[in-house]
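Asker: Mind looking over this structure? Questions follow.
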Amino acid sequence: VPELPEVETVRVDLAATLTGRRIDSVAATGERTLRRHRRPAEFVERVAGRRLVEVDRRGKYLILRLDPVDAVVVHLGMSGQLRLAEPGSPTVSHTHVVWALEGGLELRFIDPRTFGEVFASLGPGRDRLPVEIDHLGPDALGADRATLAGVVGRRRTRLKPLLLDQRAIAGIGNIYADEILWSARLHPDRPAGGLSPRELTRLADACAEVLAAAVAARGSSLPDLQYRDVWGGLGGYQAFHRAYGREAQPCARCGRPIRRRADAGRSTYFCASCQPRRTSRPRSASGGGGAH
Ligand SMILES: [Zn+2]
């Protein structure tokens, strides 16, 4: 399932390739993919002939800005891929939208499970979020300690669901939530508002470090629903996962087995030893009640 690092990898490659190109024509067949439009032809009418001026992103949403003010918004959902291809090269099944670009290149949206979506947004302007996605919280990439302090606030929400809440902070999904919390040594069930200043710093540092490293590795490709970049390449960050998918394997920090727990239809991976549920206090102050 593509999360921020995978979508950012796609964004960077699309920006390098598409910026300044005109969309000569659009073939749109995916009614479910284009479900925000009354019919696929409406999307085609709004986009064909327009020039791409910038490729932007907020969280897991790509924003392909069109000259002068409109935008195409793409969400990859569970299994969506954007691929660049030579015109006339074979298309795979589940190809729902094809943009033919000036200079002879095609951008294709492929999505077997059709949880992803594509739509044209009218008039956000160059620096604004399209209205359809203006509920998204601050982007997790580059979120500093002050931003995370605002996200955490005094909320009683547990840390993991808060990191997954796109209205609170945008871009983190199940893989990177587990990796960030492992790196920050914070239990996923800790109430967000109860973090100490030092723990908040650890959370901000972990968020920055994990996401930057994952972007540098071009994201994570897992065996199921395999993420691929715009050229069909795989990401490399799965080799650096320390919690996600590592049930019963030794924690890279303390050597005890990583635990897996099922919640709400997804798995949470963590180290119960170095991500304690309770805040550890200095031994001298707690009369021996500190972490073992
Ligand atoms: Zn550990």
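Residue-wise test of (1) at pLDDT below 95; (2) over 27 Å from ARG246 (Cα atoms); (3) of a type outside the set (Phe, Trp, Tyr).
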position	(1), (2), (3)
LEU107	no, yes, yes
PHE119	no, yes, no
GLY125	yes, yes, yes
GLU132	no, yes, yes
GLU179	no, no, yes
PRO191	no, no, yes
THR201	no, no, yes
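Asker: Pairs please, first residue from region 21-40 and under 23 Å from SER93 (Cβ atoms), second anywhere and of a type in the set (Val, Ile, Thr) and assigned to a helix (DSSP H, G or I), Cβ atoms under 9 Å, 6+ apart in sequence or on different chains.
Answerer: Pairs found: SER25/VAL44; VAL26/VAL44; VAL26/VAL47; ALA27/VAL44; ALA28/VAL44; ALA28/VAL47.
Asker: Here is a check on your reading of the model: is LEU18 surrounded by 21 or more Cβ atoms within 10 Å (Cβ to Cβ) and within 30 Å of ASN174 (Cβ to Cβ)? Before the answer, list the steps.
Answerer: On the way: surrounded by 21 or more Cβ atoms within 10 Å (Cβ to Cβ): yes; within 30 Å of ASN174 (Cβ to Cβ): yes.
Taking the combined requirement at face value, the residue satisfies it.
Asker: Name the one entry in ALA262, ALA285 that is exposed (fewer than 12 other Cβ atoms within 10 Å of the Cβ), more than 13 Å from the ligand (Cβ to nearest atom) and at pLDDT 85 or above. Before you say what the answer is, go through the steps one by one.
Answerer: Values: ALA285 fails: at pLDDT 85 or above.
ALA262 is the lone residue from the list that is exposed (fewer than 12 other Cβ atoms within 10 Å of the Cβ), more than 13 Å from the ligand (Cβ to nearest atom) and at pLDDT 85 or above.
Residues are listed down the side, and each one gets a yes or a no for (1) closer than 23 Å to ASP165 by Cβ; (2) assigned to a loop (DSSP other than H, G, I, E, B):
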site	(1), (2)
PHE43	no, no
VAL74	yes, no
GLY88	no, yes
ARG113	yes, yes
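Asker: Which residues, taken from region 90-111, are more than 15 Å from ALA16 (Cα to Cα), among the charged types (D, E, K, R) and not in a strand (DSSP E or B)?
Answerer: We begin by selecting, within region 90-111, every residue more than 15 Å from ALA16 (Cα to Cα); these are 90-100, 104, 108-111.
Then drop every residue that is not among the charged types (D, E, K, R), which leaves 108, 111.
Scanning region 90-111 gives a single hit, ASP111.
Asker: Whether any residue in region 216-233 is part of a loop (DSSP other than H, G, I, E, B), modelled with pLDDT under 95 and within 13 Å of the ligand (Cβ to nearest atom) is what I want to check.
Answerer: The answer is no; no qualifying residue exists.
Asker: Scan (1) closer than 14 Å to VAL118 by Cα; (2) of a type outside the set (S, T, N, Q); (3) touching a Pro at 6+ places or on another chain (Cβ under 8 Å) for the single condition VAL69 breaks and write down its number.
Answerer: The single condition VAL69 does not satisfy is (1).
The values are calculated or read from the model by the stated rules, or taken from the named source; none is laboratory data. Quantities reported herein were computed from a predicted structural model and do not represent experimental measurements. Heads up, the Cβs are rebuilt from the backbone with ideal geometry, glycines too, and the neighbour counts pull from every protein chain shown.
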